[in-house]
Amino acid sequence: MEKSMSNSPSKGTSHLAYKGFSLDRSRPSLWRVTFDNPPINLIDPVMIVALHDLLAEIEQDNRVAVVVFDSADADFFLAHYDIAADQSAFNALPSARTPFHHWANLLIRLSRSRALISAIRGRARGAGSEFVLATDIRFASRERAVLGQFEVGFAAVPGGGPSTRLPGMVGRGRAFEILLGGEDFDGGLAERYGYVNRAVPDAEFIGFVNAFAERVSRFDLLALADIKRFVNAASLPAAAALTAEMDAFAEAIARPAAPSIIGQAFEHGLQQRSDVELNLGAYVGMVARKPRTTTSG
């Protein structure tokens, strides 16, 4: 059964195929979402609409304690946003300031949902990194996970909240390192910085995540909800601050520098299963050697 834009839950169906991911809810208290959007798990408007549908299903089912997000692709958890995608799918959602703001709205909603775990094997960069930062717990494969915010190399500010979320997670200095450097962070370094909760050897990764999620799923639902409510009150950025980041991103993408850099990146294999995508942090470093715009008039 495939779903894309319907908000009506189908309680009798334990496995659902959405656009870009599948849902296993065979255990009422523990749901598993597996991203599968070839060739590299790009986040596109159709997937974003489907994720809104998913959150509606979670919100309507009072048996759900915890949701695990993982990937069918061992190289890419969520690569980044698909900047070449048709935006018309967003017509299914309430109007937003720009098409990009639908992504910000989803991340705000995501952080307020049930207990959410990102099980990161493969690359989670750009919007992929923003997604995992919006979840509650991030476990990474020590050998296979790669995280990063590469937008600075494309003459843009990240739009989905990392400038607001990261300082409270990793500290001011390390947030600047992640955002200003545009580099890749492997699982081990991400753990040391606080970018993820824990890096687990890949051979043990699936078993570790499953055991933790199953443990949480057995606890009292009201107790879990209260814990998340209080932690959110103490730590979640204001929605207005997250929206302001997306405003800045939309403005940056509209300036001449960003489309020029993006066009060159497409010529080198951006959004394909290519060396550029596998080593995007290194590619951004090479692009940065070329002359850039300055802040002076």
Give the distance, in whole Å, between the Cα centre of segment 10-61 and the Cα centre of segment 97-145.
-> 14 Å
What size of dipole, in debye to the nearest 20, comes out for the chain about its Cα centre when the only charges are +1 on Lys and Arg C-beta atoms and -1 on Asp and Glu C-beta atoms?
-> 640 debye
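Tally up the carbon and sulfur contribution to the accessible surface of the chain as a whole percent, 1.4 Å probe, everything protein left in place.
Numbers: 7180 of 13230 Å².
Exposed carbon and sulfur together represent 54 percent of the surface.
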For segment 76-87, what does the Karplus curve 6.51 cos²θ - 1.76 cosθ + 1.60, with θ = phi - 60°, yield as ³J(HN,Hα) per residue in whole Hz, taken in order and with x for Gly and Pro?
-> 9, 6, 9, 4, 3, 6, 7, 6, 9, 6, 5, 8
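Could you work out how much longer the chain between F176 and D275 gets when fully extended? Use 0.36 nm per residue separation minus the Cα distance between them, nm to one decimal.
Working: separation 99, 0.36 × 99 = 35.64 nm, distance 2.62 nm.
Stretched fully, the F176-D275 segment lengthens by 33.0 nm.
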Output ³J(HN,Hα) for segment 128-135: one whole-Hz value per residue in order, computed from phi by the Karplus curve 6.51 cos²θ - 1.76 cosθ + 1.60 with θ = phi - 60°, and x for Gly and Pro.
-> x, 5, 4, 4, 5, 5, 7, 8
Calculated from DSSP H runs of 4 or more alone, at -39500 (n - 2.57) each and per residue, what is the 222 nm mean residue ellipticity of the chain, nearest 500?
-> -13500 deg cm²/dmol
Anisotropy class of segment 207-286 from Cα gyration tensor, a/c 1.5 cut | oblate
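At 0.36 nm per residue, and after removing the present C-alpha to C-alpha distance, how many nm does the segment from R112 to A254 gain when stretched out fully?
48.1 nm
For a quick protection proxy, order the peptides 256-265, 278-287, 165-174 by their average other-Cβ count within 10 Å, most packed first. Walk me through the numbers on the way to the answer.
Values: 256-265: 14.7, 278-287: 18.0, 165-174: 16.4.
Top to bottom by mean Cβ count within 10 Å: 278-287, 165-174, 256-265.
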To the nearest 10 degrees, how steep is helix 239-254 against the longest Cα principal axis of the chain, on a 0 to 90 scale?
-> 40 degrees
Compactness of segment 116-248 - radius of gyration and Dmax, Cα, Å = 15.2, 47
Restricting the count to DSSP beta bridges whose residues both fall in the chain, what percent are antiparallel, rounded to a multiple of 5?
-> 30 percent
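With a ≥ b ≥ c the root eigenvalues of the C-alpha gyration tensor of segment 25-93, is it rounded (a/c under 1.5), prolate (a/b larger than b/c) or oblate? Write down the numbers at each step before the final one.
Working: a/c = 3.62, a/b = 1.37, b/c = 2.64.
Here segment 25-93 falls in the oblate category.
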For segment 88-235, size of Cβ-based charge dipole, Lys and Arg +1, Asp and Glu -1, in debye = 380 debye
Which percent of Cα-Cα pairs in the chain sits in each 10 Å bin, short to long?
-> 6, 29, 38, 21, 5, 1, 0
With θ set to phi - 60°, apply the Karplus curve 6.51 cos²θ - 1.76 cosθ + 1.60 along segment 227-234 and write out the HN-Hα couplings as whole Hz, x wherever there is a Gly or Pro.
-> 4, 5, 4, 6, 5, 4, 4, 8
Computed over the chain, protein heavy atoms only, probe 1.4 angstrom, the accessible area per residue in square angstrom equals 45 Å²
Euclidean distance between Cα centres, segment 179-204 to segment 227-269, Å | 21 Å
Just name one of A199, A288, A241: the one whose Cα is farthest towards the positive end of the charge dipole of segment 174-290 (beta-carbon charges, Lys/Arg +1, Asp/Glu -1).
-> A241
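The values are calculated or read from the model by the stated rules, or taken from the named source; none is laboratory data. For clarity, every value in this text was computed on a predicted model and none was experimentally measured. Neighbour counts run over all protein chains shown; Cβ positions are idealised from the backbone, glycine included. Ligands, DNA and RNA are excluded from the accessible area calculation, which covers all protein heavy atoms including side chains. Shrake-Rupley method; radii C 1.70, N 1.55, O 1.52, S 1.80 Å.
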